[in-house]
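Trainee: Right, I'll just put the structure down here and ask away after.
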Amino acid sequence: MAEVKLLGLWYSPFCHRVEWALKIKGVKFEFIEQNLQNKSPLLLESNPIQKKIPVLIHNGKAICESMVIVEYIDETFEGPSILPKDPYDRAVARFWVKFIDDKGSAVGRSFFHKSYEAKGELSEMLKILDNELKDKKFFVGDKFGFADIAANFLGLWMGVLEEATGVNNLVTREKYPNFCAWRDEYIDCSDNKKYLPPRDELLAYFKACFQAAAVPPYSS
């Protein structure tokens, strides 16, 4: 039987992208919690260039970068398809993943560094996503998929950060109705809930971080 290990952090949205893909495929794996303040020899050996999580180890071979790992999982293991079958739809999904990852750092900077510039970038990103999601339930096609997994920190983590900091006017239904409808579906859909980490545990963790004025490492 193939040996699958995931090096990560329980609260990291990037690690949960990979966990989600593994669970969709029904792959059994060992999750190995990391400490980025004291990086393990296994992490340094598995990702010597970036020294970041998540890292997937499959039969002794390491794969890095969360969405690269998700594609690898989709191509390697049997089970429901994560990327669309249609080549055009696959290209569109990859475009939105790149957009989300390129612009997504504004979320963390808006809350952890209280950057006005970042809040402006976040607002612009949400406007674009809101327009894209008009009359659509998901980013690509008629089911939850590759781009939606990439947007997990927008679907769950951003709302947790809003509540943890008491900043609750950045993302409103009045400003971004289509995005908020997508987020509601993301959180409330029964098929998705089983893949999401407990919100109350995330909230408690991030509240403690803000009270300690600490920025938790996420990696990618």
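Every number here is computed from the coordinates shown, using simple stated rules; none is lab data. Every value quoted in this text rests on a predicted model; they were computed, and no experiment measured them. For neighbour counting, all protein chains shown are included, and Cβ atoms are generated from backbone atoms with ideal geometry for every residue, glycine included.
Trainee: For segment 54-81 and segment 92-145, what is the separation of their Cα centres, given in Å?
Mentor: Result: 24 Å between the Cα centres.
Trainee: Along each principal axis of its Cα atoms, how long is segment 22-136 end to end? Whole angstroms, biggest number first, please.
Mentor: 42, 40, 21
Trainee: Another question about this same structure. Report the residue, chosen from PHE31, PHE95, PHE111, that carries the largest GNM mean-square fluctuation when the chain is represented by alpha-carbon nodes joined by springs under 10 Å.
Mentor: With Cα springs under 10 Å in the chain, the top fluctuation among PHE31, PHE95, PHE111 is at PHE95.
Trainee: On the Cα set of segment 72-168, report Rg and Dmax in Å, please.
Mentor: 14.9, 45
Trainee: Give me the percent relative contact order of the chain, please, defined on Cα pairs under 8 angstrom at least 6 residues apart.
Mentor: Computed over the chain, the figure is 23 percent.
Trainee: How far is it, in nm, from the label point at GLU78 to the one at LYS114 when both lie 7 Å from their Cα along the line to the Cβ?
Mentor: 5.5
Trainee: Taking every DSSP beta bridge that has both residues in the chain, what percent is antiparallel when rounded to the nearest 5?
Mentor: Antiparallel bridges make up about 65 percent of those DSSP assigns within the chain.
Trainee: If the limit is 31 Å between Cα atoms, which of LYS5/LYS207; LYS5/LYS114; LYS52/LYS136 go over it?
Mentor: Pairs exceeding the cut-off: LYS5/LYS114; LYS52/LYS136.
Trainee: Pull out the extension gain between ASP102 and GLU45, defined as 0.36 nm times the separation in residues minus the alpha carbon to alpha carbon distance; nm, one decimal.
Mentor: Going from the current span to full extension adds 17.8 nm.
Trainee: Ok, one more. What number, rounded to the nearest 500 deg cm²/dmol, is the helix-based mean residue ellipticity at 222 nm of the chain, given -39500 (n - 2.57) per DSSP H run of at least four residues and division by all its residues?
Mentor: Only helices count here, giving -15500 deg cm²/dmol.
Trainee: Using mean Cβ contacts within 10 Å as the protection proxy, how do 84-92, 139-147, 6-14 order, highest first?
Mentor: In decreasing order of mean packing, 84-92, 139-147, 6-14 become 6-14, 139-147, 84-92.
Trainee: While we're here: Report the label-to-label distance for LYS194 and ARG173 in nanometres (one decimal), using points 7 Å from each Cα along the Cα→Cβ vector.
Mentor: Distance between the two pseudo-spin positions: 2.9 nm.
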